[in-house]
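Undergrad: I'd like to ask you about the structure that follows.
The values are calculated or read from the model by the stated rules, or taken from the named source; none is laboratory data. The shown structure was predicted, so the numbers you read here are calculated from the model rather than taken from an experiment. Counting neighbours? That spans all protein chains shown, and the Cβs are built from the backbone with ideal geometry, glycine included. Areas reflect the complete protein model, heavy atoms only, side chains present, ligands, DNA and RNA absent. Shrake-Rupley method; radii C 1.70, N 1.55, O 1.52, S 1.80 Å.
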Amino acid sequence: VTLAADNLAATVMDRAECLAACTEEPGRLTRRFATPALGQAGGLVLKWMTQAGMQGRRDAIGNVIGRWEPPGRAPAQTLLLGSHLDTVRDAGRYDGALGVLIALACVEHVRGDGVDLPFAIEVLGFADEEGVRYGTAYLGSGALAGGLAPSVLARRDADGISMADAIAAVGGAPDELAAARRDGADLLGYLEVHIEQGPVLEAADRAVGVVTGIAGQTRAEVIIDGVAGHAGTVPMALRHDALAAAAEVIGAIEARARAAEGLVATVGELAVEPGASNVIPGRARFSVDVRHLDDAAREAAVADLGGRVGAIGRARGCRATWEEVQSTPAVICAPELTAELEAVVADVAVDVVRLPSGAGHDAAMMARLTDVAMLFVRCAGGISHHPTESVSEGDVAVAIDVTRGFVARMAQRR
Ligand code: HGY
Ligand code: MN
Ligand code: MN
């Protein structure tokens, strides 16, 4: 893909198509952590980084990191831009990738137009934000921000492969994760550009919006053990049907979320054992994802639901457990950095729409390391985590202009 300064947005769109071809599953886009498909996408980004005059590398967990420095200078400070390169199953092509490509386009502009900056820029393509393979989100940004517990390396995926082995299998260094932690002392902040994944900007007819904060999320796993049996001979009153118990719990989860303003809860994965049509399920395991902008409200819901799981299990003669997998607090975007971003949006995009993020983002983890700000880009119908996810080239051009303007303001601020 060739590059000229005035068609950065077209280049971003073309490159998004190239990245969308890096998939584990022909015919649909699935690019999980530490897979060859993710390696292939990272390889493309590294190539584009090198073409943009950046020093590209992969860190111990597989994050792709490109560094640009002003010619002949070794600046004391660094501005971070980026997002994630992994995807959910049957994903859209812009969730994550768009932010990495816009960050790259911004550096290409800086270099192409000979803009002199008093700081370096690093573009980050995180190796895992979605947590699809190992259930825990933010592995990539967690390694950089120091948010990973070493115990996470022992987690096994659906095929029984440990995270440590998966990282090593794609050339990473699982025993060097501590060294991947970035020192925050030289950082000016982290800006993440991401599709909104919701309907607000489209309803407001705005190309971009400024994110005020990111909802906290709790990920848990519920395991219900009942008694498997013959579907034809065990009377209903004598059953301890694990899936029927799960259905009651899932209904209770939905009801609890519906009853609380701003609370969302989702069961996205469900496994039934032994999994035959004529056998009463002996075991059911499912994921729970609970989110709210207010941590107290989320934690109250989690406490309620954990209690309900036990009660429903006991009432049915099943053993039901709620095990928390990961809990990430809500994050308020850094006011100063966000004010800089708002000033640019006010110039470039008429007025400023501010909105919270119900979706999790690497910025939530990067906030442990440095100030964070986020720019949302309108996406058609607010659709995301779906192959029809889409953005317009015009909106991408606005997002690139805002990112460039943000970098220029950060340069004046020094
Ligand atoms: O799940 C999320 O909110 C994000 O897409 N990882
Ligand atoms: Mn996502
Ligand atoms: Mn994302």
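Undergrad: So with the 1.4 Å probe, I'd like the accessible area per residue for the chain, rounded to whole Å².
TA: Details: 16710 Å² over 414 residues.
Each residue of the chain exposes 40 Å² on average to a 1.4 Å probe.
Undergrad: Rounded to the nearest 500, what is the 222 nm mean residue ellipticity of the chain from helices alone, with -39500 (n - 2.57) per DSSP H run of 4+ residues and division by all residues?
TA: Numbers: 12 runs with 146 residues, N = 414.
That comes out to -11000 deg cm²/dmol.
Undergrad: Give me D for segment 201-283 in µm² s⁻¹, whole number, from Stokes-Einstein with Rh from the Kirkwood sum over alpha-carbon pairs, 25 °C and 0.890 mPa s. Can you show the working numbers first?
TA: On the way: Rh = 16.0 Å.
Answer, rounded: 153 µm²/s.
Undergrad: Please report the antiparallel percentage of the DSSP beta bridges confined to the chain, to the nearest 5. Display every interim value, and only then the final one.
TA: Working: 45 of 65 bridges.
Of all bridge pairs located within the chain, approximately 70 percent are antiparallel.
Undergrad: Output the 0 to 90 degree angle, nearest 10, between the alpha-carbon long axis of helix 97-112 and the longest principal axis computed from the alpha carbons of the chain.
TA: Approximately 10 degrees, to the nearest 10.
Undergrad: Taking θ as phi - 60°, what are the ³J(HN,Hα) couplings along segment 327-344 by the Karplus curve (6.51, -1.76, 1.60), each to the nearest whole Hz, with x for Gly and Pro?
TA: After applying 6.51 cos²θ - 1.76 cosθ + 1.60, I find 9, 10, x, 5, 10, 8, 5, 4, x, 5, 5, 5, 5, 4, 5, 4, 4, 5 Hz.
Undergrad: Please find the FRET efficiency linking Arg258 to Arg354, where r is the Cβ-Cβ separation and R0 is fixed at 30 Å, and quote it to the nearest 0.05.
TA: Details: r = 27 Å, r/R0 = 0.88.
Once rounded, the FRET efficiency stands at 0.70.
Undergrad: By how many degrees, between 0 and 90 and to the nearest 10, does the Cα long axis of helix 242-258 differ from the longest principal axis of the chain?
TA: The helix 242-258 is inclined about 50 degrees to the chain.
Undergrad: Mind jotting down the three principal axis lengths of segment 137-230 based on Cα atoms? Whole angstrom, largest first.
TA: 56, 46, 22
Undergrad: How much of the calculated P(r) for the chain lies past 33 Å, in percent of all Cα pairs?
TA: On the way: 29602 of 85491 pairs.
Here the long-distance tail beyond 33 Å is 35 percent of all Cα pairs in the chain.
Undergrad: Here's another thing I want to ask about it. 5 Å is the cut-off here: which amide hydrogens, built 1.01 Å from N in the peptide plane, fall below it relative to Leu188, excluding neighbours closer than 5 in sequence?
TA: Placed amide hydrogens put Thr78, Leu79, Leu80 under 5 Å from Leu188.
Undergrad: Rounded to whole Hz and in sequence order, give me ³J(HN,Hα) for segment 358-369 from the Karplus expression 6.51 cos²θ - 1.76 cosθ + 1.60, θ = phi - 60°, writing x for Gly and Pro.
TA: Values per residue, Gly and Pro as x: x, 7, x, 8, 4, 4, 5, 7, 5, 5, 6, 9 Hz.
Undergrad: Let me ask another. Relative to the longest principal Cα axis of the chain, at what angle does helix 295-315 sit, 0 to 90 degrees, rounded to 10?
TA: With rounding to tens, the tilt is 20 degrees.
Undergrad: Computing the accessible area with a 1.4 Å probe over protein heavy atoms, can you report the carbon and sulfur percentage for segment 1-95? Kindly include the intermediate steps, with their values, before the conclusion.
TA: Values: 1900 of 3730 Å².
Within segment 1-95, the accessible surface is 51 percent carbon and sulfur.
Undergrad: Please label the shape of segment 349-397 as rounded, prolate or oblate, based on the square roots a ≥ b ≥ c of the eigenvalues of the alpha-carbon gyration tensor (a/c under 1.5 means rounded; beyond that, a/b larger than b/c means prolate, else oblate). Intermediate values should be presented prior to the final figure.
TA: Values: a/c = 2.24, a/b = 1.39, b/c = 1.60.
It is oblate, given that a/c is not under 1.5 and a/b is not larger than b/c.
Undergrad: Using +1 at the Cβ of each Lys and Arg and -1 at the Cβ of each Asp and Glu in the chain, identify which of Leu101, His385, Asn7 lies farthest towards the dipole's positive end.
TA: Result: His385, furthest along the dipole toward the positive end.
Undergrad: Hey, what do the phi angles of segment 130-139 turn into as Karplus ³J(HN,Hα) couplings, whole Hz, using 6.51/-1.76/1.60 and θ = phi - 60°, x for Gly and Pro?
TA: Once θ is set to phi - 60°, the couplings for segment 130-139 become 6, x, 5, 6, 10, x, 10, 7, 6, 5 Hz.
Undergrad: Then there is this: What is the calculated FRET efficiency for Asp159 to Ala76, with r their C-beta to C-beta distance and R₀ = 60 Å, to the nearest 0.05?
TA: Working: r = 46 Å, r/R0 = 0.76.
FRET efficiency, Asp159 to Ala76: 0.85.
Undergrad: Let me ask something else about it. With the contact rule set at Cα under 8 Å and sequence spacing of 6 or more, what percent relative contact order holds for the chain? The partial results should precede the final answer.
TA: Values: 927 pairs, mean separation 89.3, N = 414.
Relative CO of the chain lands at 22 percent.
Undergrad: Where does the charge balance sit around Ile224 when Lys and Arg score +1, Asp and Glu -1, over other residues with C-beta under 9 Å from its C-beta?
TA: On the way: positive: Arg283, Arg285, Arg316, Arg319; negative: Asp225.
Here the charged neighbours net out to +3.
Undergrad: Cut-off 10 angstrom, C-alpha nodes, Gaussian network model of the chain. Which of Gly140, Gly56, Gly112 fluctuates the most?
TA: Maximum among the listed residues: Gly112.
Undergrad: Loop-only GluC sites (Glu not before Pro) in segment 239-285, please: DSSP not H, G, I, E or B, and at most 11 other Cβ atoms within 10 Å.
TA: Values: sites: Glu248, Glu254, Glu261, Glu269; in loops: Glu261, Glu269.
Within segment 239-285, the qualifying GluC sites (Glu not before Pro) (loop, at most 11 other Cβ atoms within 10 Å) are Glu261.
Undergrad: So, one more: How many angstrom lie between the Cα centre of segment 260-283 and the Cα centre of segment 199-219?
TA: Cα centres, segment 260-283 to segment 199-219: 30 Å.
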